[in-house]
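S.K.: Questions regarding the structure given below will be posed in turn.
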Amino acid sequence: TCPTPRWDDLAGMRDELAALPLAGVDGDDRCLARVLEIAGVVDRIISAPDPWQRDIALSAGLDIYGKRPQGRQDNWGGRQALEDARDVVVSVGTRLAELLVASRTEALCGILPWLARTADRDARDRRRDGTLVFADLILWTRDLLRDVPSARAALRERYDALLIDEFQDTDPWQVDIAEAFACDDAGDLE
């Protein structure tokens, strides 16, 4: 299920930031700078003329979302006022980060079915034409070992061990191949 981004929360975020007591804070305070930076991102998102620009504005603040800013207590009128400002910055930043994830996920949900159909069609065409790419070798081996018990048995009968070099670079299909070799048909390690 694809999440639906909650764009309607932006006005509330802007109001939370605007409610902070900024009037007496020195201009060089780092917490104030973060408040203004986050408020600028929110304003750019709200005023974006189209969804594309809105997403660009949302992505632009990624490096500051959810990070707790520094600041000086005396600039804010005490520790509690600074902590309250920090909490608002973190809260708004976290919600913006969640909005970014939901927005990206929604976009991917829209394109992934087309991409899967295209990749499947291209693979069928390569198989029909007798051409293949390196990934086809891995995929077809994975499919053979997954779907044909006698192929798994022949592999295990021929080889006593499987050595995987650079396991951190192993893709999911290669892991499936290794599991087909290492596990019996019930999924237990042999």
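S.K.: Those residues that are free of Cβ contacts under 8 Å to residues at least 12 places away in the same chain and open to solvent by less than 80 Å² (accessible area, probe 1.4 Å), I need them from the range 66-86; list them, please.
M.R.: 78, 83 - these are the residues of the range 66-86 that are free of Cβ contacts under 8 Å to residues at least 12 places away in the same chain and open to solvent by less than 80 Å² (accessible area, probe 1.4 Å).
S.K.: To continue, here is another question. Filtering the range 23-50 down to residues that are open to solvent by less than 10 Å² (accessible area, probe 1.4 Å) and not aliphatic (A, V, I, L, M), which residue is farthest from the chain's Cα centre (by Cα)?
M.R.: Step one: filter the range 23-50 for residues open to solvent by less than 10 Å² (accessible area, probe 1.4 Å), giving 29, 31, 35, 38, 41-42, 45.
Remaining after also requiring not aliphatic (A, V, I, L, M): 29, 31.
Working: 29: 32, 31: 27 Å.
Among those residues, the one meeting the criterion is 29.
S.K.: Among the residues of the range 151-170, write down those that are closer than 20 Å to residue 136 by Cβ and loosely packed, with under 10 Cβ neighbours inside 10 Å.
M.R.: 169
S.K.: A further question on this structure: Name the one entry in 15, 63 that is within 16 Å of residue 99 (Cα to Cα), free of Cβ contacts under 8 Å to residues at least 40 places away in the same chain, acidic (Asp, Glu) and assigned to a helix (DSSP H, G or I).
M.R.: So the residue among 15, 63 that is within 16 Å of residue 99 (Cα to Cα), free of Cβ contacts under 8 Å to residues at least 40 places away in the same chain, acidic (Asp, Glu) and assigned to a helix (DSSP H, G or I) is 63.
S.K.: Find the residue count for the range 95-112, including only residues that are in contact with a Phe, Trp or Tyr (Cβ under 6 Å, 6 or more places away or on another chain) and either open to solvent by 50 Å² or more (accessible area, probe 1.4 Å) or at pLDDT below 90 (or both).
M.R.: Of the range 95-112, the ones in contact with a Phe, Trp or Tyr (Cβ under 6 Å, 6 or more places away or on another chain) are 96-97.
Keeping just the survivors that are either open to solvent by 50 Å² or more (accessible area, probe 1.4 Å) or at pLDDT below 90 (or both) gives none.
Residues that pass the stated criteria total 0.
The values are calculated or read from the model by the stated rules, or taken from the named source; none is laboratory data. As the structure is a computational prediction, the values presented were derived from the model and not from experiment. Neighbour counts run over all protein chains shown; Cβ positions are idealised from the backbone, glycine included. Just the protein is used for accessible areas: all its heavy atoms, side chains included, with ligands, DNA and RNA removed. Shrake-Rupley method; radii C 1.70, N 1.55, O 1.52, S 1.80 Å.
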